[in-house]
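Comments concern the structure below.
The values are calculated or read from the model by the stated rules, or taken from the named source; none is laboratory data. Values in this document were obtained by computation on a predicted structure and should not be read as measured data. With ideal geometry, Cβ positions are generated from the backbone for all residues, glycine too; neighbour counts draw on all protein chains shown.
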Amino acid sequence: LGIEAGTLSVGAPADVCVFAPATHRTLDAHTLASRGHNTPFLGWELRGAVTLTLLDGRPVYQREA
C-alpha cells in the first residue's frame with residue numbers, strides 16, 4: 001500500500017491488518033460494522049476486505065466466513 005509504518009520484528013508490537021484484495025462483496029446494511037447505516041453505497045459491489053486485524057499481537061477483528 002506504500003505506507004511507511006511499523007515493523008514486523010521480534011519485540012515489536014504486532015499491529016497487523018490482513019487484507020484480501022481478490023474478495024468481492026456487496027455492501028449491505030445488515031453487515032455494516034458502523035451504527036450508522038445511512039450510506040449512498042448500499043448495494044454496491046466492493047473489491048477487497050479486511051480478514052484479520054491484530055493490535056499489539058491480539059486479534060481485535062476477524063471476519064466471519
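Look at residue 54 and say whether it is touching a strand residue (DSSP E or B) at 6+ places or on another chain (Cβ under 8 Å) and at negative phi. Judged against the criteria, residue 54 is a match. With the structure loaded, tell me whether residue 41 is under 16 Å from the mean Cα position of the chain (by Cα) and aromatic (Phe, Trp, Tyr) or whether it fails that test. No, not satisfied. Residues that are in contact with an Asp or Glu (Cβ under 8 Å, 6 or more places away or on another chain) and at pLDDT 90 or above do not occur anywhere in region 29-40.
Is there a residue in region 7-20 that is within 15 Å of the chain's Cα centre (by Cα) and exposed (fewer than 10 other Cβ atoms within 10 Å of the Cβ)?
Residues of region 7-20 that are within 15 Å of the chain's Cα centre (by Cα), as a first pass: 15-20.
Among the residues that remain, those that are also exposed (fewer than 10 other Cβ atoms within 10 Å of the Cβ) are: none.
The answer is no; no qualifying residue exists.
The set of residues from region 22-65 being surrounded by 10 or more Cβ atoms within 10 Å (Cβ to Cβ), closer than 30 Å to residue 12 by Cα and in contact (Cβ under 8 Å) with a residue 24 or more places away in the chain comprises 23, 48, 49, 50, 51, 52, 53, 54, 55, 57.
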